[in-house]
Amino acid sequence: MDPRVDLIRSRIRDVADFPKPGILFRDITPLLSDGIAFRTAIDLLAEQARPLAPEVIVGIESRGFLFGAPLATALGIGFVPVRKPGKLPHATTREEYDLEYGTDAVEMHTDALSHGTRVLVVDDVIATGGTARATCKLVKRLGGELVGAAFLIELTFLDGGAKLAPIPTIALLRY
């Protein structure tokens, strides 16, 4: 096992019964507050993302910004935010997705990607995969070429990563 992964794992706090009873929440705030561990996570994501040759990172609001922006900097490429509806100031394109009870949506500026731009989608955690899938559809609709998706954590029991297939998926930690 890579000791760098052990360092990152040691900075993830388990919080029982949050946000409701029966849920074990993986809290990333201790990782974010540890400069060495946070930098290690970005470095490992960059190592795994570099062979995919992305030209831009598309980060999902809001914690995807925390990993996507520094990852873009580490790779020397641009960053494009995907936000909840009504948060972006210019013309946007929207993709809706299903929740357990109802729907939600994500938006991106319509001019954020040039046709054929190689895109890596980034978020902190992939759980059920709904937001990531919607973001991938949005990228494709706007002409981007999806080269992969990267996450700090994948909650494998919720099968979200499998729902992104055949897109290559990176996750530093899997629970």
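Some observations on this one:
- Pair list, Cβ < 9 Å and 6+ apart or interchain, from the range 148-175 residues that are over 20 Å from residue 2 (Cβ atoms) and touching a residue at least 12 places away in the same chain (Cβ under 8 Å) to residues that are part of a loop (DSSP other than H, G, I, E, B) and of a type in the set (A, V, I, L, M): 149/167; 155/127; 158/127; 160/127
- Candidate set: the range 141-155, residues that are under 10 Å from the mean Cα position of the chain (by Cα) and among the aliphatic types (A, V, I, L, M); chosen: the one surrounded by the most Cβ atoms within 10 Å (Cβ to Cβ): 149
- Close pairs (8 angstrom Cβ cut-off, 6 or more residues apart or separate chains): over 15 Å from residue 139 (Cβ atoms) and in contact (Cβ under 8 Å) with a residue 40 or more places away in the chain in the range 95-106, of a type outside the set (Asp, Glu) and surrounded by fewer than 15 Cβ atoms within 10 Å (Cβ to Cβ) anywhere: none
- Conditions (1) in contact (Cβ under 8 Å) with a residue 60 or more places away in the chain; (2) of a type in the set (A, V, I, L, M, F, W, C); (3) surrounded by fewer than 20 Cβ atoms within 10 Å (Cβ to Cβ): number failed by residue 121: (3)
- Checklist (1) buried (at least 19 other Cβ atoms within 10 Å of the Cβ); (2) within 16 Å of the chain's Cα centre (by Cα); (3) more than 28 Å from residue 13 (Cα to Cα) applied to residue 92, failing item: (2)
FYI, it's all coordinate maths here, none of it is from the lab. On a predicted model such as this, the values are computed, not experimentally measured, just so you know. Using ideal geometry, Cβ is built from the backbone for each residue, glycine included, and neighbour counts are taken over all protein chains shown.
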